[in-house]
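Taking it in order: structure first as structure tokens, then the write-up.
Bear in mind these aren't lab numbers, they're just calculated from the coordinates by the rules spelled out. All values reported here derive from a predicted model rather than from experimental measurement. In this analysis, Cβ positions are derived from the backbone assuming ideal geometry, glycine residues included, and neighbour counts consider all displayed protein chains.
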Amino acid sequence: VVDHLRPVDSIGILIFDNSFQWAVPMRRAEDKTLIKRMISGITPDGGTQIAPALAEAYRKVLPSKAMFKHMVLLTDGISEEGDSLDLAREALSHQVTISTVGLGQDVNRSYLEKVAATSGGQSYFLNEPSGLEQILLKDVEEYSGSTTIEKPLTPIVEHKAEVLDGIDMETAPALKGYTRFTAKPSADSILGIDPAKKDPLYVRWQYGLGRAAVFSSDAKSRWAENWVTWPGFDKFWINVTRDLLTHTERSEASAQFNRTDNEIVVSYHLDSGTPEPRTVPPIYVLGPEGFEKPLQVHETAPHVYTGKLRVGEIRGLFRIRPLSESDVFPEVGLYRDLEELADYGSNDSLLSQISTLTGGRFNPSPASIFERDGRSLFKTWQLWPAMLGLAIALTIAELAVRKSGGILASLRKNA
């Protein structure tokens with residue numbers, strides 16, 4: 001644990017039985033050899049009076065101006081609670097955390113859990129001392145701010161991205177500190193810091209349809225005191241804000257495989273509002289088995305750029321990406337399946353025969369689909385309703401004629 005402390009950290013070790021004494025008085029962790037020699041002189045003894053020792057340790061830690069103040073209580077015995085819980089509550093109010101470690105079976109588990117929970121720390125229990133080092137190291141790293149590095153370090157450009165356009169990073173002053181973190185494998189590490197540790201400083205990544213970023217230092221006078229007066233400070237944060245905002249894609253990239261010529265065909269369709277690029281950046285095709293070849297891209301139509309590259313019989317995932325990040329020529333991927341899994345498309349010969357036999361057309365243009373081109377179209381009408389109506393009308397007419405004829409004959413007879 002001592003080896004993982006920074007020279008700016010402070011450490012003190014108070015041992016106790018029925019009384020207490022400082023085995024390592026509070027001091028900076030600069031001379032680690034001396035501290036470890038002092039620790040090696042500690043010998044176990046009987047008795048367990050936790051409350052007075054805890055109060056003494058808290059009295060020494062409280063005045064410290066450190067950002068993180070943390071105490072670890074290690075015991076293998078049972079002790080009366082005393083005023084330990086009141087002290088834990090007071091420690092929490094002064095941002096002093098206390099973790100407790102119970103070693104063996106003869107410990108007051110409930111008491112240790114209460115002290116840790118009340119002060120905002122963690123409680124640990126183990127039967128064998130073999131796991132003690134890992135527990136102490138984990139706890140100290142979590143609560144002592146060991147992920148915070150406070151020393152002057154100059155940022156390093158790891159990836160020249162558009163977010164750095166117009167910013168001369170070579171003139172960027174040193175930052176006075178940062179918080180260590182591990183970037184996701186899919187994240188884009190643009191700025192780094194501390195060449196010895198290779199820690200990321202500014203990282204961004206896609207999150208769904210949006211974009212997220214982390215800057216591990218600050219933008220205030222604590223760590224970025226020299227940056228605030230640096231000419232590139234405002235430009236950097238303006239670029240970062242714009243980079244995270246939703247924006248329209250400047251172009252659309254697509255990749256297809258031409259089985260006839262065993263070549264990859266890549267097309268870039270630029271948005272109508274995107275100005276034509278003065279030059280096409282170097283673009284490479286990266287594939288399986290260490291495949292890496294440049295792709296020659298040329299303008300084939302207004303706002304359309306196309307490139308072709310033979311890849312032979314190589315199969316698998318191919319990535320087509322520019323040498324440096326570009327919104328106009330973005331990265332695109334293509335997966336070439338095994339031959340037996342390949343999609344052979346439609347049966348053009350069969351479709352052509354069907355259209356010929358039925359009087360249709362094969363593969364017409366969308367605009368000509370509904371054109372008649374002088375062809376006659378036949379339509380069937382059902383005539384029976386009209387014929388039935390006509391028959392009914394004629395029957396009624398016949399009855400009317402017969403009736404009127406009988407009436408006329410009767411009138412003549414009476415006359």
Fill in: Net charge dipole size for segment 1-72 [Lys, Arg +1 and Asp, Glu -1 on Cβ; Debye, nearest 20]
320
Discussion item. At 37 °C and a viscosity of 0.692 mPa s, what translational diffusion coefficient does Stokes-Einstein give for the chain, taking Rh as the Kirkwood radius over Cα pairs? Give it in µm²/s as a whole number.
Written reply: 107
Discussion item. Can you return the lysines within cross-link range of Lys32? Criterion is Cα-Cα under 27 Å, with same-chain partners fewer than 8 residues away left out.
Written reply: Lys60, Lys65, Lys69, Lys138, Lys151, Lys176, Lys197, Lys198
Worksheet, complete the sentence: Taking Cα atoms only, helix 132-143 is inclined relative to the longest principal axis of the chain by an angle, in degrees rounded to 10, of 70
Worksheet item: For segment 151-244, rounded, prolate or oblate, judged on the Cα gyration tensor with a ≥ b ≥ c (square roots of eigenvalues), a/c < 1.5 rounded, else prolate if a/b > b/c?
Response: oblate
Item to complete: Choose one of Ala55, Phe291, Ile98: the residue whose Cα lies farthest towards the positive end of the charge dipole of the chain (beta-carbon charges +1 Lys, Arg; -1 Asp, Glu; about the Cα centre).
Response: Phe291
Item to complete: Assign one of three labels to segment 251-341, namely rounded, prolate or oblate, based on the Cα gyration tensor with a ≥ b ≥ c the square roots of its eigenvalues; rounded applies when a/c is under 1.5, prolate when it is not and a/b is larger than b/c, and oblate otherwise.
Response: prolate
Worksheet item: If you rank Ile369, Ile238, Ile13, Ile98 by fewest surrounding Cβ atoms within 10 Å, what's the result?
Response: Ile369, Ile238, Ile13, Ile98
Fill in: About the Cα centre, charge dipole magnitude for segment 2-146 (Lys/Arg +1, Asp/Glu -1 at Cβ), debye
600
Worksheet item: Once both axes come from the Cα atoms, what is the angle between helix 232-244 and the longest principal axis of the chain, in degrees from 0 to 90, rounded to 10?
Response: 40
Discussion item. Going Cα to Cα from Lys308, which lysines come in below 16 Å? Please leave out same-chain ones fewer than 8 positions away.
Written reply: Lys293
Practice prompt. Provide the gained length on full extension for the span Ile39 to Ala367, in nm with one decimal, where the gain is 0.36 nm per separating residue minus the Cα-Cα distance.
Written response: 109.2 nm
Item to complete: Using only Cα atoms, tell me the angle between helix 50-61 and the longest principal axis of the chain; keep it within 0 to 90° and round to the nearest 10.
Response: 80
Worksheet entry | Neighbour-count order for Glu263, Glu398, fewest beta carbons within 10 angstrom listed first | Glu398, Glu263
Worksheet entry | Förster-model FRET efficiency, 41 Å R0, Ile78 and Ala183, C-beta, rounded to 0.05 | 0.35
Discussion item. Let me make sure I get this right: for segment 2-146, a, b and c are the square roots of the gyration tensor eigenvalues over alpha carbons, sorted descending. Under 1.5 in a/c it's rounded, otherwise prolate if a/b > b/c, else oblate. Which is it?
Written reply: rounded
Item to complete: Mind putting a number on the dipole of the chain about its Cα centre? Charges go on the C-beta only, +1 for Lys and Arg and -1 for Asp and Glu, and I need it in Debye to the nearest 20.
Response: 2260
Worksheet item: In Å and whole numbers, how far do the C-alpha atoms of segment 95-252 stretch along each principal axis, longest first?
Response: 67, 38, 28
Worksheet item: What is the order of Lys403, Lys138, Lys114, fewest Cβ neighbours within 10 Å to most?
Response: Lys403, Lys138, Lys114
Response to the item:
Here the gain from full extension of Glu128 to Glu56, 0.36 nm per residue of separation minus their alpha-carbon distance, amounts to 23.1 nm
Worksheet item: Rounded to the nearest 0.05, what FRET efficiency is calculated for Asp218 and Glu90 with R0 set to 35 Å and r the Cβ-Cβ distance?
Response: 0.70
